[in-house]
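Below you'll find the structure, written out as structure tokens, and then a few comments.
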Amino acid sequence: MSEAVENRATLIKEYEKKIDEFVCKPENLADFKNKVYSRELILLLREINKAKIIDKCNWEDKFAIDAIGELIVNKAIHESMFIEIYTDLCLVLHKAEENSEKENSELYFYRTINRNAQKSFEAIAYNDDKKNGDRKLLMIGILKFISHLYRVKLLNYKIIENCIVLLIRNAEDYDYEKDLMVEYSITFMETVGPLLIQRKEDKLNLRHLGGYVTYLERMKGIVSNRIKFMIIDLVEARDKKWSDKPKKNRKSLGL
């Protein structure tokens, strides 16, 4: 193992320990939505980064930034109960990068979060080696994280669209996973639709999302009855401009 790889592993292990210590304390989780810039969080970010990413950092240290980005994405996927905390960690780091004194900042942290989120999604979507339950939990985690990143404007809509397209293609290409992939697509679109309305996105993105709903509607005849009714609910939500929450009389992935 090269020295660079060993250093990276050590760095990630240090960050992981500090984040674990933070999220395991109940007092740090109370009313967290309203404390994105809490003193505790800022101290945590200063602690976990010896390169001082938050305070007068060197944003050209791509090695450290990439390690933090990879760690946060990985932990968000595996610990979906803390998804908002990891999203807020990303938001604080992104704001610090934007406000840094470095001229012509490449916004590398923003790009590494987007890249790692998409890479993790593709790895889970294409990997059918895991037990179905484990894979489903990981897919729930990454879809929730991507949705939350989009909610706080840390993720481009194009990645949302790429994820939907990949899930639909998997549903078409793999008959043994058709229902599962359509279910992922439906639940993801049910989450993203209202976010597009809340963020007042341009009408083109809404039309694109509506187009994917229409495409799924054509699959009603080749999926199970449970998925068929999920598609019907999705079409209804789109027609009502995503103003209603998904029906509660059916099982969902819980995004």
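Since every read-out is calculated from the coordinates, none of them should be taken as a lab result. Computed from a predicted model, the values in this text were never measured in an experiment. Cβ sites come from the backbone with ideal geometry, for glycine too, and all protein chains shown count toward neighbours.
Magnitude of the Cβ-charge dipole of the stretch 157-255, K/R +1 and D/E -1, about the Cα centre, nearest 20 debye? Display every interim value, and only then the final one.
Details: 19 positive and 15 negative charges, 87 e Å.
About 420 debye.
Highest mean first, how do 225-235, 142-152, 112-122 rank when packing is the count of other Cβ atoms within 10 Å averaged over residues? Please report the intermediate quantities before stating the final value.
Details: 225-235: 17.4, 142-152: 22.3, 112-122: 19.5.
The packing order, highest mean first, is 142-152, 112-122, 225-235.
For the stretch 68-82, in order, what is each residue's ³J(HN,Hα) by Karplus, 6.51 cos²θ - 1.76 cosθ + 1.60 with θ = phi - 60°, in whole Hz (x at glycine and Pro)?
So the Karplus estimates, Gly and Pro as x, are 5, x, 5, 5, 4, 4, 4, 6, 4, 5, 8, 10, 5, 5, 10 Hz.
Sorted by mean Cβ packing within 10 Å, highest first, what order do the peptides 71-78, 163-170 take?
Working: 71-78: 22.1, 163-170: 18.9.
Packing order, densest peptide first, comes out as 71-78, 163-170.
So for TYR126, TYR215, fewest C-beta neighbours within 10 Å to most, what's the order? It would help to have the intermediate numbers written out before the result.
Numbers: TYR126 10, TYR215 14.
Placing the least packed residue first, the sequence is TYR126, TYR215.
Amide H of GLU79: which non-local residues (sequence gap of 5 or more, or other chain) have their own amide H closer than 5 Å, using H built in the peptide plane?
none
Roughly what would the spin-label model give for THR214 and GLU106, points 7 Å off Cα along C-beta, in nm?
4.1 nm
Quick one: what Rg and Dmax do you get for the stretch 157-255 from the alpha carbons, in Å?
For the stretch 157-255, the Cα-based Rg and Dmax read 12.6, 38 Å.
For the stretch 166-171, just list the computed ³J(HN,Hα) in residue order, Karplus coefficients 6.51, -1.76 and 1.60, θ = phi - 60°, integers in Hz, with x standing in for Gly and Pro.
3J(HN,Hα) across the stretch 166-171, in whole Hz: 4, 5, 5, 5, 4, 4.
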